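Rule-based calculations on the coordinates, nothing more; no lab input. If you're wondering where the values come from, they're calculated on a predicted model, not measured in any experiment. For neighbour counting, all protein chains shown are included, and Cβ atoms are generated from backbone atoms with ideal geometry for every residue, glycine included.
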Amino acid sequence: MTEGNEHLRRAVTEAGCSYAELARDVRAVAAEGGVAQLRTNSSAVAHWIAGTQPGATAARILAETLSRKLGRLVTPGQLGLVRISETADQSLGLDMEQDPVEALTRLGRADIERRTWTISAPYSVPAAAMPLAHGPRTHTAARPAGTAGEGEIQAVREMTALFTAVDERHGGGHGRSAVVQYLVSDVATLCRSHFRTEAQKQQMLSAAACVAYLAGWKAYDAGEAGLAQRYYLQALKLTREAGQDLHTAFVLRVLAHHGLETGRGEHILDLIDAALRLVKDRTDPATESLYVITRARALAMAGRSREAVAEAARAARLVDGADESEMPFWAALWGSAGACVGTHTAKSAELLGNYDIAERHFSRAVWSTSGHSYRRITALSLAHAGSMQCRQGHVEQACTTWRRALELMDGVRSARVVRAARTMRRDLAPFAHRGSRAAVDFDERARLWLAGEDT
């Protein structure tokens, strides 16, 4: 006879929810991570509490669901859901005290091997609050592996810039394994090297953080938000170990942005406010505008419309006429600050229901003169602009905008791009059913494009 799972029973009791409520929330968290096949119900929860072991994916998602309810991080192993040996890697990257280089090496290898948990790991709400706690400073293990200096630091920066350019033009699916392999082999080894000065070591850790959050960005672009979050958290640890406050602030912004993009507003304002405190009176106007516009979007998500509009205006003033050549390497990697402010102003307006304003800013967010250097984000901006036009009833105009977006999407490997194309079809569906010729024609074009992506 199977004994009951007392660990899980106590957690559910502490969470104060019924089996049916817990099952509903488990399904919602599963859907966030793209695990649509999970059909948890109250009977399944009862069986788990009675001692039946869920599958590894269900265990991970149940643990995250309870973590959100309890307001602290709990792992499947702590809940008695699966054997500890099976869950050892499932909290990898969420531990803020582990050596970041060691954590990234293990995380990257799991990513390259495409272990199941890396693909379906949900975004962790409790982990989003971890950067706000000032725990003990971590240190890379003292295992020197040769000598490195300015030449190696510059090489990592140039490789990161090259990988980023490919990512922006062709999508996160291109070169993803190459980036992760570079991180776990070359970059990790360089981080453990002996440097002539402490400043050089700090610069290498800072450069490594750039590679870490590029790996995370690629995971996010592939629809793997939980894995991306783990890369970002380790990037933060690297910048903190390097003593680079300004770079630490930028990674806090990356984490806030990630929460916004995944639709999780918890802790976002706290993260971006912490970043702004670090950079106060210490950074250039263009870089500061990136923090301010992220805060504007966080305020819009929180429904604080007046404050959101004021912050968006402040970001626009900061970036207007700013010399973007003054931006530090790690901020300039991601392209035009002006275009970024425009895009996030548009997303803030969309959250507030101001579709005409959102359309204008999406259309004006020029990432490159040709649209090719930043092909993915240009396509996505056009896709969003078309959605805003469609919501205002301008169907023919939307279809024209979307045709331009689809042209740019060709050859771009990105889950976000695919999701945008599906959103076009969903937005058009009511108009196509009413017989709008423009809607019917474009819907067929989008259907064929998506069919090509699925083959």
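For Y123, the residues 5 or more places off, or on other chains, whose built amide H falls under 5 Å of its own are G226. Per the Debye calculation on the chain with a single equal scatterer at every Cα and no solvent contribution, log₁₀ I(q)/I(0) for q = 0.13 Å⁻¹ amounts to -1.26. Adding -39500 (n - 2.57) for every DSSP H run of four residues or longer, then dividing by how many residues the chain holds, sets the calculated 222 nm ellipticity at -21000 deg cm²/dmol.
The tail of the calculated P(r) for region 6-87, taken as Cα-Cα distances beyond 17 Å, holds 37 percent of the pairs.
Identify the GluC sites (Glu not before Pro) of region 1-79 meeting these criteria: DSSP loop state and at most 11 other C-beta atoms within 10 Å of the C-beta. If you can, show how the numbers build up before the last one.
Working: sites: E3, E6, E14, E21, E32, E64; in loops: E3.
Listed in order of number, the matching sites are E3.
Backbone geometry of region 266-278 corresponds, through the Karplus equation with coefficients 6.51, -1.76 and 1.60 at θ = phi - 60°, to 3J(HN,Hα) couplings of 4, 6, 5, 5, 5, 5, 6, 5, 4, 5, 5, 5, 5 Hz, x marking Gly and Pro. Here is the P(r) of region 244-353: all C-alpha pair distances, binned every 10 Å from 0, give 17, 52, 29, 2 in whole percents. Would you kindly give the portion of the calculated P(r) for region 339-455 that falls above 24 Å, as a percent of all Cα pairs? When all Cα pairs of region 339-455 are counted, 21 percent exceed 24 Å.
Alpha carbon centre of region 376-407 versus region 235-270: separation in Å? For region 376-407 versus region 235-270, the Cα centre distance is 31 Å.
Karplus-based coupling profile of region 412-417, in residue order and whole Hz: 8, 9, 7, 5, 5, 5, with θ = phi - 60° in 6.51 cos²θ - 1.76 cosθ + 1.60 and x standing for Gly or Pro. Listed by chain and number, the lysines whose C-alpha is less than 22 Å from the C-alpha of K347, apart from same-chain residues fewer than 8 away, are K218. Per residue, the average separation of C-alpha pairs within less than 8 Å and at least 6 apart gives region 244-353 a relative contact order of 27 percent.
What does the highest-first list of 34-44, 339-349, 67-77 look like by mean Cβ count within 10 Å?
On the way: 34-44: 14.5, 339-349: 24.8, 67-77: 19.0.
So the order, starting with the most tightly packed, is 339-349, 67-77, 34-44.
Check cross-link reach from K201 to the lysines: straight Cα distance under 18 Å, and skip same-chain residues fewer than eight apart. Once the sequence-local lysines are set aside, what remains near K201 is K237.
Over what distance in Å are the Cα centres of region 289-323 and region 170-225 separated? Each part reduced to its Cα centre gives a spacing of 30 Å.
Place the peptides 438-449, 406-417 in order of packing, highest mean first, counting for every residue the other Cβ atoms within 10 Å and averaging per peptide. Show your work: numbers first, answer last.
Working: 438-449: 16.8, 406-417: 19.2.
Peptide ranking by packing, descending: 406-417, 438-449.
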